[in-house]
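Peer 1: To start, I am sharing the structure in question, which I have written as structure tokens.
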Amino acid sequence: MKIRTDIADMLRNGATQQDIMRTLHVGYKTVTAHRIALRLPTPKRGGHILRPIETEFYARTEPIDGGHLRWAGHHANGVPRLGRQGKHPSAYQVAFQMHHGRKPIGHAKPGCGYPQCVAPAHLEDRPMREQLQSQMNSIFGGAL
């Protein structure tokens, strides 16, 4: 089978089956045969390729002075949420994991004092808050 470069390029760039068929005026069997010949996985139902979670996250934020990020996306019960694949994780959890490379222990919350800031570097989990509180107690003698 001779592989058409235009079909191969669109497949490698994540175009959907329908987009390729419509753009290049080819049939379903042609696109499927190219996908098999190129050893590419079959497309997932729904037909669209997920963008990286970092891209989805930053598309829903607005920068604020002081390095803060305001969440412009969906909120549920006052908590910023990122809808993705039928799940709605907290934007705090997503940002914390992006920055620290691990899931937060307990709730991730902004430690900068700016209400609902989702800047990844400004978020703290429970062990980080406990460590800061311990340090403050040792400096100020537990007066706080």
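Where a number appears in this text, it was derived from the coordinates with a stated rule and is not lab data. Model, not experiment: these values are computed from the prediction.
Peer 1: Under 24 Å between C-alpha atoms is the cut-off here; go through the chain and count lysine pairs that meet it, provided they're at least eight residues apart or on different chains.
Peer 2: 5
Peer 1: Something else now. Using the Karplus equation 6.51 cos²θ - 1.76 cosθ + 1.60 (θ = phi - 60°), what ³J(HN,Hα) coupling, rounded to whole Hz, does each residue of the range 28-41 give in order, writing x for Gly and Pro?
Peer 2: Per-residue couplings from phi come out as 4, 5, 5, 5, 4, 4, 5, 4, 5, 5, 8, 6, 9, x Hz.
Peer 1: Separate question: Could you go through the range 91-96 in sequence order and give the Karplus-derived ³J(HN,Hα) for each residue, using 6.51 cos²θ - 1.76 cosθ + 1.60 with θ = phi - 60°, rounded to whole Hz, and x for Gly and Pro?
Peer 2: Once θ is set to phi - 60°, the couplings for the range 91-96 become 4, 5, 4, 4, 5, 4 Hz.
Peer 1: Moving on to the next point. Distances longer than 21 Å among the Cα atoms of the chain: what percent of all pairs is that?
Peer 2: For the chain, the fraction of Cα-Cα distances above 21 Å is 59 percent.
Peer 1: Under 8 Å for C-alpha pairs, at least 6 residues apart: give me the relative contact order for the chain, rounded to a whole percent.
Peer 2: About 14 percent, as a whole number.
Peer 1: Let me ask another. Defining a contact as two alpha carbons under 8 Å apart and six or more residues distant in sequence, what relative contact order in percent does the range 2-75 show?
Peer 2: Value for the range 2-75: 23 percent.
Peer 1: Something else: Note the per residue figure in Å³ for the convex hull of the C-alpha positions in the range 1-49.
Peer 2: Numbers: hull volume 3.4 nm³, N = 49.
Expressed per residue, the convex hull around the Cα atoms of the range 1-49 is 69 Å³.
Peer 1: Relative contact order, percent, of the range 67-144 when contacts are C-alpha pairs under 8 Å separated by at least 6 residues?
Peer 2: Relative contact order, the range 67-144: 26 percent.
Peer 1: Shifting gears a bit: Return the sequence-ordered ³J(HN,Hα) values of the range 15-22 in whole Hz as given by the Karplus equation 6.51 cos²θ - 1.76 cosθ + 1.60 applied to θ = phi - 60°, using x for Gly and Pro.
Peer 2: 5, 6, 4, 5, 4, 5, 4, 6
Peer 1: Also: Taking every DSSP beta bridge with both residues inside the chain, roughly what % is antiparallel (nearest 5)?
Peer 2: 100 percent
Peer 1: Of the residues PRO120, PRO63, PRO43, which exhibits the maximal mean-square fluctuation in a Gaussian network model of the chain defined by a 10 Å Cα contact cut-off?
Peer 2: Per the Cα network of the chain with a 10 Å cutoff, PRO43 tops the list.
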